[in-house]
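Asks: Shown below is the structure under consideration.
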Amino acid sequence: MTNEKMQGKNNCIWWLTVGITVALVLACLSVAILVPSPYQESYVGELEWKLQHLEETEGQRVIVIGGSAAAFGMDSAMVEACLNDTASFGEDIPRPDDLTDSNCSLHAVDDSGALSHVSVVNFGMYGGLGNQVMLELADAEIRSGDVVILMPEMNAQSWSDYFGPTYYLQGLAEHPKYFFRLSDSYKGQVIGTLPRFALDKVRRLGSPYVPEETDVYRRNSFNAYGDVDTNLAGTNVMPDGVDTVTPVDFSEELLDSAFVETSNTYATKWQKRGATVYFSYCPLNGLAISDENEMERFHSALQEKLTYPVLGKPADSVLDTVHFYDTNFHLNQDGRAYYTYEMLKNLKAATGDSRYTIRPQEWLAGRDEQQVPTEPRALHSVGSSEMADFTWVETSQGIRITGVTDAGRKAQSLVIPEAVDEVPVISVSDGIFTACKDLREIHVEVRSAEQITVGQGLLDGTWAQVYVPQASLEAYRLNYFWSTYGDRLHGEE
């Protein structure tokens, strides 16, 4: 074969490859954009509605940007009521005399000289999606007069440039305009995830994810502001009231993270537009604070690192464990009011607002209660003799699996039951499978992903795959804790 023919053949192969690649990309894009999302009722299905609320809310706004700590931590209706003097008190709570004092720099003045309404937008979403991407998505909507509060969770992932492209696509694939708000790095990750996401969408045609009525992590748990507002998150469900696998982090390493530089950049940009930007510590479980001195040192150093002001001190965000739900950052229904009260006091102090701040007890007394399904479900239980592969402790709330025994470390397959002697299994500690060199399969028999919590290091040191009940597979893949392991989760009958 002559060189000319060889060159021509190579050119044909090259163009054929390019054509096939382009066709596949276009096919994936078409499926991702045009096929109805099966995730509309999931937790991340809320993202498009948060963006819509941000885009459509007029007038002066208080915008809270962060992860799920912001979503679970804010009572936006309480903020609006306090800033707009529209509080509704319980029958036995007297209305303070100074509540109508209008000395508040947050209120804008319209052309008629009247004070305009202040609206609240909760733009907190999910650590698995990432924190920096929320800044990128919000950027185009920040305008003059806005008060922006940045509220990352106190852990390494929230302060990094971590991005979860799968969750982005689950929430926004049908809205391609938001893709162009992303940084080039994130765009590349989204494009790389498209083929698998498109295939998953096709596979789920006609079978959308429908969360259980008792599942907190679903779109219906959000109110119109973007707050998680449900009495399903009514009490602390953590073993001993604290999440030991994801502690509150005030280490110096966070100060050198991507969040500091990125947030400074956005804060400067937004301030030039006429917005005001603050940092606020997210809700912090008091039982998860191991060193108060470290917390204060971090606060002093953070004030020097940030080019925009910090609201209050970290101690203002530390609440009693009774106010939390399922992580050291997620508040339960009543806890939101206690955190919002402290945040409001700090915001008012920063803006020169001397009016009365609604107290949590006053606000909760005037709030309508929500009906919560309470019918218990029978558990599939095993005897304690069948737990020979694990070390575990029983708490007042359930069984915590804390380690693997010598016998378990030699196994190729391990089974985590739904209950032991009728007591539910509620958590598995991080890193317990590290020494299990032969482990190939972990079978989790718990039917409700909400029942059992895990940390981000559950599968450290092992390549084992995780098998859950087939009917619960989607719930696990979309669960706040288990979604980290989505690509290693499989269903079984």
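The values are calculated or read from the model by the stated rules, or taken from the named source; none is laboratory data. Everything numeric here is computed off the predicted structure, so don't read it as measured data. So basically every Cβ, Gly included, is an ideal-geometry build from the backbone, and we count neighbours across all protein chains shown.
Asks: Could you tell me whether P239 is farther than 21 Å from M78 by Cα, surrounded by fewer than 19 Cβ atoms within 10 Å (Cβ to Cβ) and not charged (D, E, K, R)?
Replies: No: the conditions fail for P239.
Asks: Only one residue in Y209, Y162 is at pLDDT 90 or above, outside the structural domain of R400 (by TED's automatic domain parsing) and either in contact with a helix residue (DSSP H, G or I) (Cβ under 8 Å, 6 or more places away or on another chain) or at negative phi (or both). Which one? Full working, then the answer.
Replies: Numbers: Y209 fails: at pLDDT 90 or above.
Sole residue among the options that is at pLDDT 90 or above, outside the structural domain of R400 (by TED's automatic domain parsing) and either in contact with a helix residue (DSSP H, G or I) (Cβ under 8 Å, 6 or more places away or on another chain) or at negative phi (or both): Y162.
Asks: Next up: Within the group S317, S280, which residue is small (G, A, S), within 15 Å of M151 (Cβ to Cβ) and either touching a Phe, Trp or Tyr at 6+ places or on another chain (Cβ under 8 Å) or not assigned by TED's automatic domain parsing to the domain that holds G352 (or both)?
Replies: S317
Asks: Does M151 fit the bill of being modelled with pLDDT of 95 or more and out of contact with any helix residue (DSSP H, G or I) (no Cβ under 8 Å at 6 or more places or on another chain)?
Replies: The answer is no for M151.
Asks: Pull up the stretch 150-171, narrow it to residues that are aliphatic (A, V, I, L, M) and surrounded by 22 or more Cβ atoms within 10 Å (Cβ to Cβ), then point me to the one that is farthest from the chain's Cα centre (by Cα).
Replies: Restricting attention to the stretch 150-171, the residues satisfying the condition of being aliphatic (A, V, I, L, M) are 150-151, 154, 156, 169.
Of the ones still in play, those that are also surrounded by 22 or more Cβ atoms within 10 Å (Cβ to Cβ) are 150-151, 154, 169.
Numbers: L150: 14, M151: 11, M154: 12, L169: 16 Å.
Checked the stretch 150-171; the qualifying residue farthest from the chain's Cα centre (by Cα) is L169.
Asks: Then there's this: Considering each residue of the stretch 43-75, count those that are among the polar types (S, T, N, Q) and within 16 Å of G335 (Cβ to Cβ), and give that number.
Replies: Number satisfying all stated conditions: 1.
Asks: Still on this model: Do we have any residue at all in the stretch 423-438 that's surrounded by fewer than 14 Cβ atoms within 10 Å (Cβ to Cβ), outside the structural domain of T235 (by TED's automatic domain parsing) and more than 15 Å from V237 (Cβ to Cβ)? Don't jump to the end; show me each part of the working.
Replies: Start the filter on the stretch 423-438 by keeping residues that are surrounded by fewer than 14 Cβ atoms within 10 Å (Cβ to Cβ), which leaves 437-438.
In the following step, the residues that additionally are outside the structural domain of T235 (by TED's automatic domain parsing) were identified as 437-438.
With the extra rule that they be more than 15 Å from V237 (Cβ to Cβ), the set shrinks to 437-438.
Checking the stretch 423-438: at least one residue is surrounded by fewer than 14 Cβ atoms within 10 Å (Cβ to Cβ), outside the structural domain of T235 (by TED's automatic domain parsing) and more than 15 Å from V237 (Cβ to Cβ).
Asks: I'm checking my understanding of the structure. Among residues of the stretch 242-265 that are under 30 Å from I399 (Cα atoms) and among the charged types (D, E, K, R), which one is surrounded by the fewest Cβ atoms within 10 Å (Cβ to Cβ)?
Replies: Per the criteria, the residue is D249.
Asks: Okay, next question. Please indicate, with yes or no, whether at least one residue in the stretch 173-190 is assigned to a helix (DSSP H, G or I), hydrophobic (A, V, I, L, M, F, W, C), surrounded by 19 or more Cβ atoms within 10 Å (Cβ to Cβ) and more than 16 Å from the chain's Cα centre (by Cα).
Replies: Within the stretch 173-190, one or more residues are assigned to a helix (DSSP H, G or I), hydrophobic (A, V, I, L, M, F, W, C), surrounded by 19 or more Cβ atoms within 10 Å (Cβ to Cβ) and more than 16 Å from the chain's Cα centre (by Cα).
Asks: Which one of the conditions (1) surrounded by 18 or more Cβ atoms within 10 Å (Cβ to Cβ); (2) out of contact with any Lys or Arg (no Cβ under 9 Å at 6 or more places or on another chain) does T268 fail to meet, given that it meets all the rest?
Replies: The failed condition is (1).
To keep it simple, each residue is scored yes or no on (1) among the β-branched types (V, I, T); (2) modelled with pLDDT under 90; (3) within 27 Å of N223 (Cα to Cα); (4) part of a loop (DSSP other than H, G, I, E, B).
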position: M1; (1), (2), (3), (4): no, yes, no, yes
position: K9; (1), (2), (3), (4): no, yes, no, no
position: C12; (1), (2), (3), (4): no, yes, no, no
position: L26; (1), (2), (3), (4): no, yes, no, no
position: E48; (1), (2), (3), (4): no, no, yes, no
position: V64; (1), (2), (3), (4): yes, no, yes, no
position: A69; (1), (2), (3), (4): no, no, yes, no
position: F72; (1), (2), (3), (4): no, no, yes, no
position: C82; (1), (2), (3), (4): no, yes, yes, no
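Conditions tested, residue by residue: (1) surrounded by fewer than 19 Cβ atoms within 10 Å (Cβ to Cβ); (2) of a type in the set (S, T, N, Q).
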| site | (1), (2) |
| --- | --- |
| K272 | yes, no |
| T276 | no, yes |
| F279 | no, no |
| L284 | no, no |
| E296 | yes, no |
| T307 | yes, yes |
| P314 | no, no |
| V322 | yes, no |
| F329 | no, no |
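Asks: Could you give every pair whose Cβ atoms fall below 6 Å, whose first residue belongs to the stretch 468-493 and is of a type in the set (D, E, K, R), and whose second residue is not in a helix (DSSP H, G or I), counting only separations of at least 6 or pairs across chains?
Replies: From the stretch 468-493, the pairs are E474/Y209; R477/L489; R488/Q465; R488/V466; E492/Y467.
Asks: Out of the residues in the stretch 270-293 that are more than 25 Å from the chain's Cα centre (by Cα) and assigned to a helix (DSSP H, G or I), which is farthest from V62 (Cα to Cα)?
Replies: N293
Asks: Of the conditions (1) modelled with pLDDT under 90; (2) within 26 Å of the chain's Cα centre (by Cα), S396 clears all except one; give me its number.
Replies: (2)
Asks: Scan the stretch 191-247 residue by residue and report those that are basic (K, R), more than 17 Å from Y476 (Cα to Cα) and under 20 Å from the mean Cα position of the chain (by Cα).
Replies: Answer for the stretch 191-247, where residues must be basic (K, R), more than 17 Å from Y476 (Cα to Cα) and under 20 Å from the mean Cα position of the chain (by Cα): there is none.
Asks: Now, a different point. Tally the residues that are over 14 Å from A419 (Cβ atoms), among the β-branched types (V, I, T) and part of a strand (DSSP E or B), restricting the search to the stretch 388-408.
Replies: Result for the stretch 388-408: 4.
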